[in-house]
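A short write-up of the structure that comes next.
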Amino acid sequence: MPGTTKYITLEDAKKAMAAAEAEARKNNWTVAIAILDAGGHLILFEKIDDTQLGSINVAIGKARTALNFKRPTKALEEIIAGGRQVFLAVEGVTPLQGGLPVTVDGKVIGAVGVSGVMSSQDEQVAQAAVNVLQG
């Protein structure tokens, strides 16, 4: 039915960003957080004070990778760690844990990417945002 497709609104993204920021601040982590729409475009981006500048593009790259491959970026990191280095040749792939797709009713409607601390911690922050968006 037309008009029933779920998408991430700006208000949804703001609520998700607040949850991600709260998770990061609770743990004293300085991170960059990117929330993308289904087309891979930024809806919202935030860089907590003192986050390393390199994390800006990494967070966006993780989100785009999760969106494009419809899976957490940890899965791609594991493929490469398992010996499939040829995957590194794929243009635009950021195969580092911390990017998660947002899936609603079986459709990927966006993604969240986080960078700045250990990869598992990045994913923990991203998961806080995804929980709100999939809620």
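Values quoted throughout were computed directly from the atomic coordinates according to the rules given, and no laboratory measurement underlies them. The structure displayed is predicted, hence computed values, not measured ones. Cβ atoms come from the backbone with ideal geometry, glycine included; neighbour counts cover every protein chain shown.
Quick notes
- The helix-based estimate of mean residue ellipticity at 222 nm for the chain, built from -39,500 (n - 2.57) per DSSP H run of four or more residues and divided by its residue count, is -14000 deg cm²/dmol to the nearest 500.
- Point-to-point label distance, VAL86-ASN131, nm (Cα→Cβ direction, 7 Å offset): 4.0
- With R₀ fixed at 41 Å, the C-beta to C-beta distance from ASP105 to ASN28 puts the FRET efficiency at about 0.70.
- Couplings for the stretch 121-135, taken from phi via the Karplus curve 6.51 cos²θ - 1.76 cosθ + 1.60 with θ = phi - 60°, read 6, 4, 5, 4, 5, 4, 4, 4, 5, 4, 4, 5, 6, 8, x Hz in order; Gly and Pro are left as x.
- In the elastic network of the chain, a GNM with C-alpha springs shorter than 10 Å, the most mobile of VAL104, VAL31, VAL114 is VAL104.
- Per DSSP, loop GluC sites (Glu not before Pro) in the stretch 62-105 with at most 14 further Cβ within 10 Å: GLU91
- Among the listed values (i) 44, 21, 12; (ii) 21, 20, 12; (iii) 45, 19, 14, the one computed from these coordinates for semi-axes √(5λ) of the Cα gyration tensor in Å is (ii).
- A straight chain from ILE79 to LEU42 at 0.36 nm per residue would run longer than the Cα-Cα distance by 10.6 nm.
- Rounded, prolate or oblate (a/c below 1.5 giving rounded, otherwise prolate when a/b exceeds b/c) for the stretch 1-69 by Cα gyration tensor: oblate
- Selected from LEU76, HIS41, ILE60, residue furthest toward positive end of dipole (the chain; charges at beta carbon): LEU76
- Efficiency of FRET from Cβ geometry, GLU11 and LYS70, R₀ 41 Å, rounded to 0.05: 0.95
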